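A.B. asks: I'd like to ask some things about the structure below.
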Amino acid sequence: MSPIDYLQFVLAPQILNGLTLGVAVVLVALGLTIIFGMLDVINMSHGEFYAVGAYAALALGAAGIGFWFLLVLVPILMIPLGMAAERLLIRPVFDSKDRHVTTLLVTFGLGLIVEDVLKVIFGANTQRPPTPIPGATEWFGILVPNYRLFLLAVGAAIIGGVAYVVYRTRLGAMVRAAAFDRHMAASLGVPVSIVYAGTFAFGVALAGLAGVLLAPIYSVFPTMGRDFILLAFSVVIVGGMGSIWGCVFAGLLLTQVQALASLVISPIWTDPIVFGTMVVFLMVRPQGLFGRLGHA
Amino acid sequence: MLDRLAISMRASHVLAILLLAAALCLAALGAALDDSFYLRLGTEALIFAGLALSVDLLLGYSGALSLGQALYFGIGAYVSALTLMTVPSFWLAMAAAGLATLVAATIGGLIANRVRGVYFALITFGMAQVVAKVVYNTRELGASDGMIGIPVVQIQFGPFAISAGNPVGFFLIVLAIIMGLYGLSAYLLETPFGRVLTALKANERRVPFLGYSVWRARMAVYVFAGLVAGLSGALYPVLRGFVSPELMFFATSGNAVISVILGGVGTLIGAIYGAVLLVILKSIIGSWTEHHLIVIGLLFMLCVMFLPKGLVGFSRPWIERRIVRVPSQEVTASAVSPAIAKSRSAS
């Protein structure tokens with residue numbers, strides 16, 4: 001095989017696949033990192049919220065609601081869910097002595113319940129919604145499914161939109177202020193309690209949106225969140241917990257490493273590489289590549 | 001005079017004796033009815049209780065949440081299985097598993113103890129994931145299927161021997177080992193080293209002011225907890241005759257954390273009660289629905305939010321009050337009253 005052919009038929013599709021997975025992981029990890037950066041809470045149930053979004057899309061899609069409408073509807077439906085979770089579960093233990101551990105445990109319990117509830121309602125079988133955008137486009141001799149191109153575009157738009165809201169709007173400034181020093185922010189008139197609930201709900205809505213977008217590619221099953229969240233955790237840690245740009249950078253980097261490494265070594269070894277990177281980062285640079293939300 | 005810690009530890013011992021009595025009743029009942037299912041279930045509960053005990057040592061005494069304690073449990077199980085398949089000797093398998101987890105926990109401790117708090121939870125989680133994935137993909141270790149066909153061994157006690165296939169005999173051996181590990185942990189916490197750990201949990205920043213190394217204490221308890229998990233894990237293949245990578249997965253670590261929270265963090269015996277309770281809950285709920293996670297998850301969340309000391313923390317104060325009343329009378333009777341009597345007689 002000539003080097004050009006290798007580039008065209010082996011390397012390029014692999015990079016593209018990695019890119020799709022990267023955008024997918026970044027979408028899930030974005031909510032995780034915002035919730036951590038803002039509330040100092042490790043949301044262990046984030047993967048389950050992602051699964052809830054995917055199942056909501058599946059059920060509502062089967063009920064005849066169009067894909068485009070779902071993209072808006074599901075995240076909106078997720079917001080009250082996130083608000084309720086924050087109010088009923090996170091808030092009561094938020095001021096306990098060991099906030100990290102307690103909130104981690106509470107959300108872990110929530111994840112167990114949600115996963116089983118999904119199993120009760122939808123069964124344990126794998127389902128796959130129809131691809132909303134069929135067909136493929138030929139690019140330099142490689143066939144790229146249109147939906148993946150759409151996913152890349154939408155993913156980039158969402159990431160850009162989130163970054164714009166957080167870093168360039170008054171609302172974002174309030175959120176960052178509350179993350180930096182909640183008592184000071186409160187005394188300057190930021191409704192900290194609402195900001196917290198809203199941020200958590202926003203992160204949950206992002207997970208739901210990721211569920212809607214990724215269901216046609218990665219199939220829908222009750223434990224879908226569990227497999228995905230491990231990768232998302234690694235991304236959040238390597239990027240720096242609470243950093244949006246770190247999340248994007250690390251997400252794309254880790255998935256490219258995974259995609260390209262699988263060309264050289266057996267694909268089954270890529271998982272240990274990703275988790276190993278996470279462990280090394282935790283050892284050497286636990287704050288990750290970039291700083292925290294509100295701290296930089 | 002007894003201080004708070006000693007009193008609550010004694011209350012834990014009372015609960016431990018109750019558990020021991022209940023377990024012996026189960027063994028006697030099982031032997032009388034010639035049962036093997038419930039005895040084996042009980043043995044498994046005790047084995048996982050050992051894992052929960054090691055999580056409680058970390059979470060309850062040094063305040064570090066480990067989400068990957070199944071790593072050492074799994075290493076213990078695999079090393080024990082490999083040893084049993086070459087040399088069918090129970091004690092050799094236990095020794096090999098203990099040694100292997102000692103080494104593994106030392107390495108793991110050097111990695112994990114660089115960070116604390118939530119990062120510690122994530123790093124232990126990550127380490128367990130890496131090793132579990134490696135085992136899952138290694139064909140020599142049976143890959144995703146695990147290893148089957150581990151022979152049933154004769155467990156030697158000097159001139160006597162008990163077959164691991166004998167449900168009552170093996171149940172009693174596991175009971176003795178797990179309660180031994182409990183006793184050893186309790187003893188260790190009563191030593192000055194244990195007090196350093198308690199101080200560590202109360203206020204980590206002040207411990208160095210008193211001249212103690214935080215790192216050394218954390219490292220020591222981490223290695224000891226790893227050893228406890230490894231020795232418990234080593235019993236698993238003897239019971240079930242197989243090992244699988246699931247033993248290292250997050251679900252196993254997660255179950256141990258659930259056990260500790262249900263039973264009571266920082267009570268030691270709570271971890272054992274929690275693990276037993278979890279197995280009972282699973283089999284009771286599992287008999288009418290397969291969706292037991294909803295109930296267990298709900299109980300778990302309620303415990304985290306409203307019963308931070310778990311079930312043992314709920315019942316122990318009652319025992320503590322009884323303990324305090326009895327010895328304090330003894331103290332007055334034996335030590336204080338002669339002095340008072342003497343002073344009275346002098347005046």
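A.B. asks: Between region B:111-126 and region A:44-61, what's the alpha-carbon centroid distance in Å?
C.D. replies: Each part's Cα centre sits 29 Å from the other's.
A.B. asks: In nm, give the distance between the simple-model label positions of B:Arg206 and A:Leu143, each being 7 Å from the Cα along the Cα-to-Cβ direction.
C.D. replies: About 7.1 nm, to one decimal.
A.B. asks: Could you list A:Phe249, A:Phe140, A:Phe228, B:Phe48 so that the one with the fewest beta carbons within 10 Å of its beta carbon is first and the one with the most is last? Before the final figure, lay out the partial values.
C.D. replies: On the way: A:Phe249 19, A:Phe140 8, A:Phe228 24, B:Phe48 27.
Fewest to most other Cβ atoms nearby, the residues stand as A:Phe140, A:Phe249, A:Phe228, B:Phe48.
A.B. asks: Moving to a separate point now. Test of understanding: what is the full-extension gain from A:Val257 to A:Ala153, defined as 0.36 nm times their sequence separation minus their Cα-Cα distance? Intermediate results must be reported in sequence, preceding the final value.
C.D. replies: Numbers: separation 104, 0.36 × 104 = 37.44 nm, distance 2.15 nm.
Stretched out fully, the A:Val257 to A:Ala153 stretch lengthens by 35.3 nm.
A.B. asks: Rounded, prolate or oblate, given the Cα gyration tensor of region B:1-80, with a/c below 1.5 counting as rounded?
C.D. replies: Oblate, because a/c is 1.5 or more while a/b does not exceed b/c.
A.B. asks: With a sphere of radius 11 Å drawn around the Cβ of A:Gly225, what net charge do the other residues whose Cβ falls strictly inside it have (Lys, Arg +1; Asp, Glu -1)?
C.D. replies: -2
A.B. asks: What residues from region A:199-217 fall in the zone where the backbone N is under 12 Å from a label point 7 Å along the Cα-to-C-beta line of A:Phe69?
C.D. replies: Within reach of a label on A:Phe69: no residues.
A.B. asks: Where the centroid of each part is defined by its Cα atoms, how far is region A:247-292 from region B:1-59 in Å?
C.D. replies: Answer, in whole Å: 42.
A.B. asks: So if each residue of separation counts as 0.36 nm, and I subtract the Cα-Cα distance between B:Arg114 and B:Arg40, what length gain in nm does that give?
C.D. replies: Values: separation 74, 0.36 × 74 = 26.64 nm, distance 3.98 nm.
Stretched out fully, the B:Arg114 to B:Arg40 stretch lengthens by 22.7 nm.
A.B. asks: How much length would be gained if the chain were fully extended between B:Ile285 and B:Ala21, taking 0.36 nm per residue of separation minus their Cα-Cα distance, in nm to one decimal?
C.D. replies: Details: separation 264, 0.36 × 264 = 95.04 nm, distance 2.52 nm.
Using 0.36 nm per residue and subtracting the Cα-Cα distance, I get 92.5 nm.
A.B. asks: What list do you get for B:Cys25, B:Cys303, A:Cys247 if you sort them by fewest beta carbons within 10 Å?
C.D. replies: Working: B:Cys25 10, B:Cys303 25, A:Cys247 34.
Ranked by crowding around the Cβ, least crowded first: B:Cys25, B:Cys303, A:Cys247.
A.B. asks: Still on this model: Neighbour counts of other C-beta atoms within 10 Å: give me A:Thr137, A:Thr277, A:Thr255 arranged from fewest to most. Can you show the working numbers first?
C.D. replies: Details: A:Thr137 11, A:Thr277 21, A:Thr255 25.
By the 10 Å Cβ count, ascending, the order reads A:Thr137, A:Thr277, A:Thr255.
A.B. asks: Of A:Gly18, A:Tyr6, A:Leu60, whose Cα points farthest to the positive end of the dipole of chain A (charges on the beta-carbon: +1 Lys, Arg; -1 Asp, Glu; origin at the Cα centre)?
C.D. replies: Going by the charge dipole, the pick is A:Leu60.
A.B. asks: Given a Förster radius of 30 Å and the C-beta distance between B:Trp215 and A:Val280 as r, what FRET efficiency does 1/(1 + (r/R0)^6) yield to the nearest 0.05?
C.D. replies: After rounding to 0.05, the efficiency reads 0.90.
FYI, it's all coordinate maths here, none of it is from the lab. Not measured: the values here are computed from a predicted model. Glycine gets a Cβ as well: all are built from the backbone with ideal geometry, and neighbour counts include every protein chain shown.
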